[in-house]
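The values are calculated or read from the model by the stated rules, or taken from the named source; none is laboratory data. It should be emphasised that the depicted structure is a prediction, and the values quoted were computed from it without experimental measurement. Positions of Cβ are backbone-derived with ideal geometry, glycine not excepted, and every protein chain shown enters the neighbour counts. Remember, those area values only see protein heavy atoms, side chains included, never the ligands or the DNA or RNA. Shrake-Rupley method; radii C 1.70, N 1.55, O 1.52, S 1.80 Å.
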Amino acid sequence: MARARTTYRCSECGAVEPKWTGRCSGCEAWNTLVEEVVAATPPLAEAIGPSGAVPLPIAEVDTAAWAPAATHVGELDRVLQGGLVPGSVTVLGGEPGIGKSTLLLQALAGLAKSGQRCLYVTAEESAQQVRLRAERLGALPPNLWLVSDTALPHLLAHIEAVSPNVVAVDSIQTVFEPALSSAPGSVAQVRECAHRLVRVSKERAMSSVLVGHVTKDGALAGPRVLEHLVDTVLSFEGERHHALRLLRAVKHRFGSTDELGLFEMTGSGLEGVPDPSALFLADRRPGTPGSIVAPVLDGHRPLLVEIQALVAKSVIPTPRRSAQGLDSGRLALVIAVLQQHVEMPFAELDVHTVVAGGVKTLEPGADLALALALSSARSGQPLPDDVVACGEVGLGGELRQVHQTARRLAEAARLGFRRAIVPASAPLDLPGLEVIRVATLGEAVRASTDELRRRRAS
Ligand code: TYD
Ligand code: MG
């Protein structure tokens, strides 16, 4: 008998090589090629049959049947810009334990309550476990069907039997196609299973949501191939130790990827956070040195976050520089500019900086606030607590305006802040607060301390 033909596929990027090599030529990762049997495929013409598609003038293409169905989980609908589009395939990615199954169950319950027939396929937990969770979430509508299964042919049979409008597969890494010899979760398996589900979704105009685990470095585990296959990729993020969860669209064929969804994990499931800034600032202690609020932008959403810095005498030869929730490169840059252009040395000092509340702020718009927090931490003088600062710090010590300054300041004004330190070039018509314009970081540091003196005197 002839030996089955095999190829080698990269478990990181999915590239195929005819022979084993130590390094993938696609993504240059080491030791990622895995042997795989090439499945015999029927001749193409036989497999696809005659076309069912009819070309139409573009204006006559009917869109009514493709209106998104709302999940009634407000923050999810915000990110999806309406809801799940029939026939679409969405991947919900996130680290284990972040709340993917919970979000999915709540979304399916919302869809089922509004009359959509939904099927939840759990390939990780037992049906009893999911039912118990659904009970706690108050998610037991009659239109929500549940099955615990892992083999793809069985899954497709369940879809055939229930004929749902929406199917959720939790997770795609635990489903397998028995015709393939590789283990569940391998690139070949995930690719094949996702491919088949995509095809079935399009044929039945059924929306599918596939849960995908991500690795520590944030890639969808192994198969980045999934991202190309599907219409929407959602990423569910957050710190395990904080209740806050952020939902973003990494790819979205039916709208922009700029919307940010915010949830809080509570005892009764995920709850939307309509006013995140108020939540982030709830525990702030005014009058603490090294603390300032920065209006940052995440997608379209302005958020007020507290940036904190602590400076302490170092007992090690190379002082520590720690940045939690901030870009460590930007921290190094801001420290260097303070040293060179504001004559504020940080040698022999450990520097710790955090964005309070487990939020990540990697944009340059937080530079100025970070610099002012560092300067305040170093001097031990607290900054006035009704001041916000936003702007990018340049290597020459100059300040640059960041986009959407007006929106950021409007959010600050809404939450009761009365002064804003902004770059001199910022737009003229800024809403609701007293604007202090400064051209350089040195001026900004002086303005913040003058402001403090003025407040003390009055
Ligand atoms: P889960 O949705 O199972 O995460 P994933 O599917 O991403 O692995 O839930 C993760 C955690 O959320 C779990 O450790 C328990 C917690 N949790 C709550 O705090 N409240 C709840 O109502 C639920 C259902 C879960
Ligand atoms: Mg889960």
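As a test of the formula, what do you get for the chain when each DSSP H run with n ≥ 4 contributes -39,500 (n - 2.57) and the sum is divided by the residue count, at 222 nm and rounded to the nearest 500 deg cm²/dmol?
-8500 deg cm²/dmol
Would you please give the FRET efficiency between Gln128 and Ala205, computed as 1/(1 + (r/R0)^6) with r the Cβ-Cβ distance and R0 = 35 Å, to the nearest 0.05?
With a Förster radius of 35 Å, E is 0.65.
Give the ranking of Phe176, Phe263 by solvent-accessible surface, highest area first, calculated with a 1.4 Å probe.
Listed by decreasing accessible area, they come as Phe176, Phe263.
Take the solvent-accessible surface of the protein heavy atoms, probe 1.4 Å, and return the percent of it on the chain that carbon and sulfur atoms account for.
54
Tell me, what ³J(HN,Hα) does each residue in region 284-289 have, in order and in whole Hz, if you take phi through Karplus 6.51 cos²θ - 1.76 cosθ + 1.60 with θ = phi - 60° and put x for Gly and Pro?
5, 9, x, x, 8, x
Helix 127-136 sits at what angle to the longest principal axis of the chain, using alpha carbons and giving 0 to 90 degrees rounded to 10?
Long axis of 127-136 versus the principal axis of the chain: about 40 degrees.
Find the relative contact order for region 48-123 and round it to a whole percent, using C-alpha pairs within less than 8 Å whose residues are 6+ positions apart.
27
Expressed as a whole number of Å, what is the distance separating the alpha-carbon centroids of region 337-352 and region 388-437?
After rounding, the separation between the Cα centres reads 24 Å.
How much net charge surrounds Arg136 when only other residues with a Cβ under 15 Å from its Cβ are counted (Lys, Arg +1; Asp, Glu -1)?
Its environment carries a net charge of -1.
Tell me the angle of helix 187-204 to the major Cα principal axis of the chain, expressed in degrees between 0 and 90 and rounded to the nearest ten.
Computed tilt is about 80 degrees.
Using 1/(1 + (r/R0)^6) with R0 = 41 angstrom and r between the beta carbons of Glu227 and Glu160, what's the FRET efficiency to the nearest 0.05?
Efficiency for this residue pair is about 0.90.
Nearest 0.05, what FRET efficiency do Ala179 and Trp66 give at R0 = 30 Å with Cβ-Cβ as r?
Using R0 = 30 Å, I get an efficiency of 0.40.
Where in region 298-340 does the amide nitrogen come within less than 20 Å of the point 7 Å from the Cα of Ser425, taken along Cα to Cβ?
330, 333-334, 337-338
Hey, rough spin-label estimate for Thr266 and Arg320, points 7 angstrom out along Cα→Cβ, what's it come to in nanometres?
Distance between the two pseudo-spin positions: 3.6 nm.
Taking Lys113 as the anchor, which lysines have their alpha carbon closer than 23 Å to its alpha carbon, excluding any fewer than eight residues away along the same chain?
Within the straight-line cut-off, Lys113 pairs with Lys100.
Against the globular-protein guess of 2.2 N^0.38 Å, express the Cα radius of gyration of region 152-303 as a ratio, rounded to two decimals.
After normalising by residue count via 2.2 N^0.38 Å, the value is 1.31.
Mean shadow of region 237-317, computed from the convex hull of its alpha carbons, in nm²?
Reported value for the Cα convex hull: 8.6 nm².
Figure the gain on full extension for Ala347 and Val435 (residue separation times 0.36 nm, minus the Cα-Cα span) and round it to one decimal in nm.
28.4 nm
What's the angle, to the nearest 10 degrees (0 to 90), between helix 328-341's Cα axis and the longest principal axis of the chain?
20
Applying a 10 Å radius around every beta-carbon, put 96-108, 325-337, 152-164 in order of their mean neighbour count, most first.
Answer by packing, highest mean first, reads 96-108, 325-337, 152-164.
Could you work out the mean projected area of the convex hull around the alpha carbons of the chain, in square nanometres to one decimal?
Averaged projected area of the chain's Cα convex hull equals 28.9 nm².
How far, in nm, would the chain grow between Thr7 and Thr257 when pulled straight, counting 0.36 nm per residue and subtracting the alpha carbon separation?
86.4 nm is the gain from fully extending Thr7 to Thr257.
With the other protein chains left in place, how much accessible area per residue, in square angstrom, belongs to the chain at a 1.4 angstrom probe?
Dividing the accessible area of the chain by its residue count gives 48 Å².
Give me P(r) over region 270-391, computed from all C-alpha to C-alpha distances, binned every 10 Å, as integer percentages.
14, 47, 30, 8, 1
Decide, for region 371-457, between rounded, prolate and oblate: order the square roots of the alpha carbon gyration tensor eigenvalues as a ≥ b ≥ c, take rounded if a/c falls under 1.5, and otherwise choose prolate if a/b is larger than b/c, else oblate.
Cα axes put region 371-457 in the oblate bin.
Given 0.36 nm per residue, what is the gain on full extension from Gln404 to Arg23 after removing their alpha carbon distance, in nm?
Fully extending the segment from Gln404 to Arg23 adds 132.7 nm.
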